[in-house]
Every structure is written in C-alpha cells, then in structure tokens.
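The values are calculated or read from the model by the stated rules, or taken from the named source; none is laboratory data. Please read all numbers here as calculations on a predicted model, not as lab measurements. Glycine also receives a Cβ, built like all others from the backbone with ideal geometry; neighbour counts cover every protein chain displayed.
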C-alpha cells in the first residue's frame, strides 16, 4: 500500500427529499481508499452504503462535501465529464450482472470500449479477449448470457469492469445472487485482480464474503461506524478446496 | 464517442431483436410503398392526359368563325362563313409569334374502295397542318405545296380508314379510293394515334390538300377554321392577342365583344384537365403520407415500449460511460435505420405494386426520381421526428434509477 489515495472523500453528505420528508442518507462521511486496497463496505440496508457506492461510482453527486477520484475533484465535472470518468476510471460489477441479453460474452466485454473513442476495433477485440482470459472464460467468448451459469455471467461482468483498465473496481453485492461455491469463485477472481494491483471496493452484507477482503468499512445510519483492517484475509482458492465437491446430477 | 461505434451499437441492438425490428418497419414499408404507388398513379394519369392534349400540339391555337346569323336566327359557333384564306394569309404574314398555320375545311363523305365503303371525316389542310397537330406519316409521303395549289386528288388516310376499306394490315399506298365519287390516290398513311381523351377515334380520318377539299368537294371560298401553332408555349397568349387584332382589323370590328370569331388555345383546355389530375395526385399523396405518419407513430410506440423494456440496459450503458447524447443518438439511429431500411423495402414493393396496378388496371404508371426522393426523404424525416421523443426519454433517464428498474 502506498500513500496515493484513489478515493478521498471529505464530509460527504447526501439528503433525499421525498415530499415533506427529508432523508439524510449520508451524514458527513470521510473515507480514503489507497491504491491496491481491497475494501468491503458493509452495513445493514438503509445504512448509506448504496448511497456512498453511487457517489463513489460517479452515478450520483453528493449534496455537500468533497470527493476526489484519482486526484480529480468530481463535483466540478459536468454530466458528460462524469460519464467519461465512469468510462475510464471505474469498473462496475452489479448484483444482477446486467449483461446485455442475446449478446455474446465478447461483445458484452467490448461494450465499455465502444464508448471510448481512443480504442479502435482491433484493440477492442484484443483487450476484450484478454479480459475474458483473465477471468478464465476465454473459451466461452461466443456464448450468450443465457448459456452461462450465474457465476460465469458474473465473471463476464468482471471482465467487462476491468477491460478499460480502471483505477477502481466498484462491486455492488457481486455475490448476492450466487451460491457459496460460485461466490467463492467470484471472490477468487477479485483476489487475483487485487494481487495484480487492482483497487477494489465491494459492497456486501455477508460477513464471510467480507473476510476475503483486506479492509472492512462498516456503515450505520449514514456514517462510518467501524473501519478496520482484516488481520488474516481468507484465501478463496484455499476455501474452495475445503468445500464439499460439487454435486453431480445426472 | 465515435459515430461508427454508435452505428455499430444501433445495428447490433436491431439485429438482436429481429421480430421487433420487422414489425416496426412494416408501418414504414406500407407508407412508403403507398406513396410510391399513389404518386406513380397520379403522375401517370396526369402525364397521359397531358400527352393526349399535346398530340394536338401544346402550342396549338384554334381560330373559329363566329355563329352564322340569319335574320336574327343564330346557328352553331363555327358555322359563320366570314373567314377566308386571306385571313389565314394575313395572320401568317403579320403575326410574328406563329410558327405554323393551316386553314381547315371539313366535311364528311362516303368513301369507296372496291366493294367496301366507309363514311368518314375529310379534312382539307395545308402542309403545315401536320406540324401544328404533331402528325407523322410513317408510310408514304405528305402532299406538296404545289399539289395543294393545283387541287391535286391525293389524300392521306388514317389506320381506321385503311382497316375498313382495305382490311387490317393491307397495303393501301398508291391505291385509288373514291370520295364522293371523286377518285383520290392514297399517298400516305397516318401514324396510329388511337382514341383521344374524349373517346374519339383519331385514326378515322382522311386528310387532303386544302384547295382540293375546299374547291372540288365543298365548292366554297370560306374557311372552316384556322389552326396555328405559336413559336413556344410562353408566347401563345401574345399570339392570340395579335391574331385578334389582325382579324378585327380585317373584319372591321371595333369592339372585341362583337368579334365574329373565337380563339381557343390548347393550353387552356389542357390546363384544366392537367390541374384536375394534379389535384387527384396531391390527394392520393396526402393519403399515402397519412399512412406514413401512422407508420411513424408505430415506430414511436414500439420505440417507447422498447425503451421501457431496455431501461436496465440504458442504465448499464450510462454506468459504463455512455453520455446522454450517446443514448439519444443510439435510439435515433435505430429509428432512422428502421425508417431507411423500411423505406428501401417499401420503395421496392411500391414499384412492384405500381407495375401490378399498371398491368391489371391498365393505368399508365410513371415513377419519377422525385417521387422516390420524396418517399425516401419523408421516411427519414418520419424516423427522426418519431424517433426523437422516445430517444430523448431514454437519454434523460437517471442511471441509478435505470439500473434498479425491474
């Protein structure tokens, strides 16, 4: 870990107004995430963890406070500039995978690069194949999402998130729809990415998933309640070996 | 954002849902096909009306003597006997905007060849008549000025006369027929013209030299009417004024109200019929355009449904870096794609339909470049107009909400 924060927020607040009711989703959150960190953002629903994810992902802007992404003051950006930031600085992984239906895996992975004018068709294909290789799905490049298992779909989504080489991977409950084994498989990929130097922030409410990360940030009622380093992160590869063998149905 | 990428995105998403794409296109296909067909029918009928008039010569000017007035009893227009060959010569001499002119006398008579006989119209004309009326003599020749002056007994006959006297396809050239017992040598056969727009058979006619018919058959000195041709369509009205002045002077008439002749131009008549068919064409086109608009609304409906259905996709695209305008352009390009491809298919079907209509109904069909451009242009226009609203709706979605949309 070095001293360069990928993410730095100072006193972020976010309030939603629904009719007469004002909901304070964030009450002054200051958070720094450094390069090559692997952070789990935890908390019960309504704690503000989704709000902070949206703000960190430049999908939403804070009501007040500062947010620096890779040294860029996000609040000074227009909607179009935010779109470019999302394209080039951030890779998203969603709970529901959000792959385009009836579209081969390779084209799903190519998608973010279609919105990046600096990448030509040849480079796009090469980088998409490389990303699929790194999640171990090279041979499924031509498969449609409905021909892939949930775990495989999420791995395609991870390939899509890393293909533009972002400074930060933001995962919103990436294992929420998966069983234990495939959850661990996905965490194995994340750990591999992290070992290769990627900075990852993932939202989860499953403590055993958070144990695979290096740092856990707990939210409660719109502010950080606990921020601790994980003493001995679990190794997903090891854990997978401990699981009972896959049930084989004939 | 590269434009080529946007086209690729739009193309991919249209190809992903072929049924939806085809259903959306059907409206445009029908619209464009009907525009092309309707405009083809309209254009065809108006040009066939125009050509049936221009067979008379577009620049033709007809000068007819007024009604005969016998002790207060007035007869038909054209029965007056006050127009003479000298009038015709004066018009030719003093009216600079006339390019050709022929006096006409007209009668009808029994014609006989061998055991066959036939009653038909006989026109006495000079050689310029063929220019004014745009008549051609593919077989044989025209009579000469000398033959006219010498009242030669020669004639040029129409196909109907050939058929009735000689039998269909028989060679009548050089044969001698008798018209009112006077023998005439057939020196030419008129090009077949068929019926005119009022159903008259234009081939049931015999043309002879003016003086032959006037002197030998009618025995008069007056002229039935004078037909002239202005040098071009624009000076027709000027020519009419000049002729009016010449004739009033020669007939010693001061007030145009008292003129003992009437002048009609071909353009007057053809304009009336031309404008009727133009109105018809415009009506048909409007109807077709309405069906195109209905097609456009179809595109809009399906695009709106498709955008709702694809909310999460839009959210995802925004999350991974699509700007509002990228989304707007994507859906706009999809709509224009649909319209253009639909327009292209519609054009093909339209050409097919028009030819079928032409074949079965026997209507003349003309598909002009203009109607193709119009059909295509309006399809694109419809695509942009009706694609814009759904596309704008998509572009204004908020990514967070779109991503969570169930």
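Every residue in segment A:81-101 that is assigned to a loop (DSSP other than H, G, I, E, B) and under 16 Å from residue A:161 (Cα atoms), please.
Scanning segment A:81-101 gives A:94, A:95, A:96, A:97, A:98, A:99, A:100.
Can we say residue B:35 is within 14 Å of chain A (Cβ to nearest Cβ) and either touching a helix residue (DSSP H, G or I) at 6+ places or on another chain (Cβ under 6 Å) or crowded, with 16+ Cβ neighbours inside 10 Å (or both)?
The answer is no for residue B:35.
Just for strands (runs of 3 or more DSSP E) wholly inside segment A:1-80: which have at least 3 residues that are within 23 Å of residue B:401 (Cα to Cα)?
A:5-18, A:21-34, A:64-69
Conditions (1) modelled with pLDDT under 90; (2) more than 22 Å from residue B:182 (Cα to Cα), marked per residue:
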| residue | (1), (2) |
| --- | --- |
| B:95 | yes, yes |
| B:100 | yes, yes |
| B:114 | yes, no |
| B:118 | no, no |
| B:127 | yes, no |
| B:132 | yes, yes |
| B:157 | no, no |
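If we scan segment B:296-309, do we find a residue that is assigned to a helix (DSSP H, G or I) and within 14 Å of another protein chain (Cβ to nearest Cβ)?
Checked segment B:296-309: at least one residue is assigned to a helix (DSSP H, G or I) and within 14 Å of another protein chain (Cβ to nearest Cβ).
Within segment A:105-119, count every residue that is at pLDDT 90 or above and within 10 Å of another protein chain (Cβ to nearest Cβ).
6
Kindly check whether there is at least one residue in segment B:64-83 that is outside any strand (DSSP E or B), buried (at least 17 other Cβ atoms within 10 Å of the Cβ), away from chain A (no Cβ under 14 Å) and at pLDDT 80 or above.
Within segment B:64-83, one or more residues are outside any strand (DSSP E or B), buried (at least 17 other Cβ atoms within 10 Å of the Cβ), away from chain A (no Cβ under 14 Å) and at pLDDT 80 or above.
In the set B:220, B:236, which member is assigned to a loop (DSSP other than H, G, I, E, B) and touching a residue at least 24 places away in the same chain (Cβ under 8 Å)?
So the residue among B:220, B:236 that is assigned to a loop (DSSP other than H, G, I, E, B) and touching a residue at least 24 places away in the same chain (Cβ under 8 Å) is B:220.
Of the conditions (1) more than 14 Å from every other protein chain (Cβ to nearest Cβ); (2) assigned to a helix (DSSP H, G or I); (3) at pLDDT below 90, residue B:400 fails just one. Which one is it?
Answer for residue B:400: the failing condition is (1).
Give the number of residues within segment A:149-188 that are surrounded by fewer than 22 Cβ atoms within 10 Å (Cβ to Cβ), part of a helix (DSSP H, G or I) and under 11 Å from the mean Cα position of the chain (by Cα).
0
Looking only at segment A:203-250, how many residues end up being touching a residue at least 60 places away in the same chain (Cβ under 8 Å), in contact with a helix residue (DSSP H, G or I) (Cβ under 8 Å, 6 or more places away or on another chain) and outside any loop (DSSP other than H, G, I, E, B)?
4
Determine which member of the set B:156, B:177, B:137 is touching a helix residue (DSSP H, G or I) at 6+ places or on another chain (Cβ under 8 Å), under 20 Å from residue B:111 (Cα atoms) and surrounded by 14 or more Cβ atoms within 10 Å (Cβ to Cβ).
Answer to the selection: B:177.
Only one of (1) under 21 Å from the mean Cα position of the chain (by Cα); (2) surrounded by fewer than 16 Cβ atoms within 10 Å (Cβ to Cβ); (3) within 14 Å of chain B (Cβ to nearest Cβ) fails for residue A:46. Which number is that?
Among (1) under 21 Å from the mean Cα position of the chain (by Cα); (2) surrounded by fewer than 16 Cβ atoms within 10 Å (Cβ to Cβ); (3) within 14 Å of chain B (Cβ to nearest Cβ), residue A:46 violates only (3).
Tell me which residues, restricted to segment A:93-104, are at the interface with chain B (Cβ under 8 Å from one of its Cβ atoms), crowded, with 20+ Cβ neighbours inside 10 Å and farther than 19 Å from residue A:200 by Cβ.
A:100
Out of (1) surrounded by fewer than 19 Cβ atoms within 10 Å (Cβ to Cβ); (2) facing chain B (nearest Cβ under 9 Å); (3) at pLDDT below 90, the odd one out for residue A:84 is which?
Condition (3) is where residue A:84 drops out.
Filter segment B:164-201 down to the residues that are outside any loop (DSSP other than H, G, I, E, B) and under 19 Å from residue B:135 (Cα atoms) and list them by number.
Result: B:186, B:187, B:188, B:189, B:195, B:201.
Against the definition (away from chain B (no Cβ under 14 Å), farther than 30 Å from residue B:11 by Cα, buried (at least 21 other Cβ atoms within 10 Å of the Cβ) and touching a strand residue (DSSP E or B) at 6+ places or on another chain (Cβ under 8 Å)), how does residue A:22 come out, yes or no?
For residue A:22, the condition - away from chain B (no Cβ under 14 Å), farther than 30 Å from residue B:11 by Cα, buried (at least 21 other Cβ atoms within 10 Å of the Cβ) and touching a strand residue (DSSP E or B) at 6+ places or on another chain (Cβ under 8 Å) - is not met.
Select from segment A:56-81 the residues that are within 11 Å of chain B (Cβ to nearest Cβ) and out of contact with any helix residue (DSSP H, G or I) (no Cβ under 8 Å at 6 or more places or on another chain) and write down the one among them that is nearest to residue A:115 (Cα to Cα).
A:81
Yes or no: residue A:90 under 24 Å from residue A:109 (Cβ atoms) and either more than 14 Å from chain B (Cβ to nearest Cβ) or touching a residue at least 60 places away in the same chain (Cβ under 8 Å) (or both)?
Here the answer is yes, as residue A:90 does meet what is asked.
Give the residue that is farthest from residue A:94 (Cα to Cα), with candidates limited to residues of segment A:120-148 that are more than 10 Å from chain B (Cβ to nearest Cβ) and surrounded by fewer than 14 Cβ atoms within 10 Å (Cβ to Cβ).
Among residues in segment A:120-148 that are more than 10 Å from chain B (Cβ to nearest Cβ) and surrounded by fewer than 14 Cβ atoms within 10 Å (Cβ to Cβ), the one farthest from residue A:94 (Cα to Cα) is A:122.
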